[in-house]
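The values are calculated or read from the model by the stated rules, or taken from the named source; none is laboratory data. All figures in this text were calculated on a predicted structure; none of them were measured in a lab. We place every Cβ from the backbone using ideal geometry, glycine too, and count neighbours over all the protein chains shown. Side chains are part of the model used for accessible areas, which takes the heavy atoms of the whole protein and leaves out ligands, DNA and RNA. Shrake-Rupley method; radii C 1.70, N 1.55, O 1.52, S 1.80 Å.
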Amino acid sequence: MQFAVAGMDFGRAGDATARIKKTLQLAGMEASTIRKVVIVAYEAELNIVIHAYRGTLSATVSPEQVKIEAVDEGPGINDIALAMQEGYSTAPPHIREMGFGAGMGLPNIRKNADKLNIQSEINHGTRLTAVVYNHQKLG
């Protein structure tokens, strides 16, 4: 599954994640796995909406795992280690006034993903790949 995500499109923010969630539910994936995937996907999707011009959110599903990949065209992340700290945010004030940009996106992804890789190039964009293992195999 792959979904286009537009920067600053808060009206559709979360739509891709909702479709991923529905697919995992229909596949009978374990509820705890779905919960983790939804957190990872939503935070990644919102990071595209808040920080990038555009991007894609994709999910690759197997009985063993779900891989979420968020690829964006945007300013990139200057310091990934700093961005991983709870509360650190580069979101502008008008985004924070809407209730977003609290600096918990990447930390929440890290807490819920079993594997996480972030690659970023300044003035080009960011690629986030996260894997959540499904500990109960689908039958």
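What is the sum of charges, Lys and Arg at +1 and Asp and Glu at -1, for the other residues whose Cβ falls under 15 Å from the Cβ of residue 6?
-3
Just to be sure I understand: if I project the alpha-carbon convex hull of the stretch 85-139 onto a plane and average over all orientations, what area do I get in nm²?
5.7 nm²
Take the Cα radius of gyration of the stretch 1-67 and divide it by 2.2 N^0.38 Å, with N its residue count; two decimals is plenty.
Normalised Rg, Cα atoms only: 1.08.
Go ahead and estimate [θ] at 222 nm for the chain from helices alone: -39,500 (n - 2.57) per DSSP H run with n ≥ 4, summed, over the residue count, rounded to 500.
-10500 deg cm²/dmol
Based on the Cα atoms of the stretch 44-90, what semi-axes does the equivalent ellipsoid have, where each is the square root of 5 times one gyration tensor eigenvalue, given in whole Å with the largest first?
Gyration-tensor ellipsoid for the stretch 44-90: 23, 15, 8 Å.
Rounded to the nearest percent, how much of the accessible area of the stretch 55-139 (1.4 Å probe, protein heavy atoms only) is carbon and sulfur?
Carbon and sulfur atoms account for 48 percent of the accessible area of the stretch 55-139.
Return one number: the angle in degrees, 0 to 90 and rounded to the nearest 10, between the long axis of the Cα atoms of helix 31-51 and the longest principal axis of the Cα atoms of the chain.
20 degrees
Just need log10 I(q)/I(0) for the chain at q = 0.21 Å⁻¹, Debye formula, equal scatterers on the alpha-carbon atoms, no solvent, rounded to two decimals.
These q points yield log10 I(q)/I(0) values of -1.27.
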